[in-house]
Structure formats: C-alpha cells, structure tokens
C-alpha cells in the first residue's frame, strides 16, 4: 500500500507527534508499505526514503513550530509519481490542509488524526475565549475524513460531544526494543545513579500546558522537608525553561534534549517517572517509562488517564498540590512497591506494540478503500443506467 502522510511537525523537532510520525514511517516500511512524508522544512532533515519538505516560517509564539508555505503544484507532481492509495493527515495547519485538499481533488480516502488538543492549550494560555472558533475550524477541517482518528477514549468521547462524525481509535505504540529495563545505568554523564537518593524523572516540553511549574514547586517542598536525599531530572526544553531553572532548588537538574539511547537509560535508571500534564491527547512518554519498567505517576485527567489504571501505575489529580506531594513522599519513603505494577505495565506495552497498532490502522485504510471502490462502482452503474433511460 502507498501511504501519503502529511504533518506540520517532524524530526528534528522533538514532541509526541514527531515521534509518532517517525515510528509510523519506520514500522510501515517494515510491514512492506511505501510511505511518502510531506512536512515543513527543518534542519537537519529526517532520513526517510520518501520525503517532500516545503519552505516554512517559524511562529512567533512557538519558535520551534514552522508553518509550511502552500505548494499544491509540487504535491500534485509527487502524487502523479507516487500514486497513493490513502492520505493520512496528522495535523490541522498548512501541510495538513494541503493533504486534505489533494485527497479531495484525487478522490483518495482521507484519514485525519486529532493529535494536539489545541482548545485545551488555548485555555491554558489564557485565550480560552477562542475555544468555540477553534472547535468550529477543527470540525470543518475533519468533516471530509473517512475516519477521524483519536488516540484515547476520553478524546473520542469529547469529539463526539462536539458533534464530530466517524471518530475511531488509533492507539499510539511504543518501541519495545528501544525502551527496556536492561538499559539501567549506574552512571549517565556525570550523574551517579547508584547513590542513595530517590530519583524522579520528567520528560517533555517545558511549557505551561505541561503543568511542570506545579511539579517543581511540590518537589522543592518535598525534597527540603524530608530527611531523604531526592533528585528531580528534567529532560526537554521549552519557553519556560529559564523560569523553571530560577524557581528550582539545587536538587533539580535540567538535562535538555537527550537522544533516544540516553533517554532509554534515564527511564530505566530512576525510581519513578512523574508526568503532571493534564492536556495530553495520549502521552507517549507514559508508555516509554512503562516499557522501561519504571514506576509511573501521571494525571487522571486527559489522555494519560486512559492509559494508567490500578494495575500498571498511579493516576492522581495533577491539579492538587497535596496529591502530588503525598505521592512523592510515599515514593521517597519507599512505601510503594513497584513490583505490584510490573505485569500490568508489560501487558499495556504488549497491547501498544507498534506492529500491532499499525496492522489495526492498515485494516481501517483497507476498509475505507474497499468502501470507496464499491461506492464508485455503484455510482458508475447508476450513471450508466440513467444514461440508458435517457436515451430510451
């Protein structure tokens, strides 16, 4: 099958969507499918076999994001050569718009994915009054899709409440060969991970929507009030980094971006992974930590709450200072036995193996292609019958 994949973010930009794109491309190829990626131009470019990038402009309020310039002529030329069977749009900006337009022009099955909760981000950034216009745009954008794919049931239900049609589940996967407890390390860079301290890890963008400020404030309190050495390692970057560094105590270490090899070591070498974001549509990092068999604490709110359950980790109210403090204290005092969650973690990760996830997606593609062919055949027969009647 030939798959055209349109995205407004890809490597080297680091986020859940770019990671999902990367794993989709690599695993589709393993499953003997051809993928052509359409994306904004970044440097360096990802090493995909088929990639078309477009001149792009950075966004003032989010410098890491780039908006592609429209170039439908070039997209049409690629489609003439590649002849895709299906178009999959991963985002709703200009690259996604080109995918939507070309799919409708060529009458190719179109799948769109709801990957980023833009409405929730708007609320968290103080422009919640834009919620209704944003929902209106998103409903219009996804209206022509064969299926609107969402990563968790909580998002599916929210989209249905907003009157989105043909919404279905597209789970995210985890690379079980990359993230594994065997990568546990005693030293990473200059950090001794074999000392007596309790080690917490956060991985993600350092920005308002991730709720990291509350995590750091709670950790400051917890690490200074308990007679137990504690460390918080923060992996990632973002607009709040300098501000968070200023309010952090000496026990918090900001590590910046880490490549996947280093990241796998960090996941496997800490006592607990804690992810305070309540705005996720899914939460890939939760699966990565689970695959590393590290205790996971996440929000009961949002997509993360759809992954976590009593068998595979700990879901708490991440709006509550007291709840976050309590769980960090219990972990520091070693009152939580990670082993009770191990089998649940393994089961969750098996269910999210990328091959399993993408085979389910391919079935959705094939069903849509079959339906489209049947509909086209019906229309053709109806047209011929109508012509015969007219001629008579």
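The values are calculated or read from the model by the stated rules, or taken from the named source; none is laboratory data. Predicted model, so just to flag it, every value in this text is computed and none were measured. Cβ coordinates were reconstructed from backbone atoms using ideal geometry, including for glycine residues, and neighbour counts include every protein chain displayed.
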Looking at region 23-44, is at least one residue under 18 Å from residue 364 (Cβ atoms), in the same structural domain as residue 359 (by TED's automatic domain parsing), assigned to a strand (DSSP E or B) and in contact with a strand residue (DSSP E or B) (Cβ under 6 Å, 6 or more places away or on another chain)?
yes
Counted residues in region 119-143 being surrounded by 13 or more Cβ atoms within 10 Å (Cβ to Cβ) and either outside any helix (DSSP H, G or I) or at positive phi (or both) come to 2
Could you grab the pairs with beta carbons closer than 6 Å, sequence gap of 6+ or different chains, first residue in region 320-344 and assigned by TED's automatic domain parsing to the domain that holds residue 278, second one surrounded by fewer than 16 Cβ atoms within 10 Å (Cβ to Cβ) and assigned to a helix (DSSP H, G or I)?
336/330
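Can you tell me how many residues in region 34-55 are modelled with pLDDT under 85 and surrounded by 17 or more Cβ atoms within 10 Å (Cβ to Cβ)?
Going through region 34-55 one residue at a time, the tally reaches 1.
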Checking residue 4 against (1) under 30 Å from residue 289 (Cβ atoms); (2) outside any loop (DSSP other than H, G, I, E, B); (3) touching a residue at least 60 places away in the same chain (Cβ under 8 Å), which test does it fail?
(1)
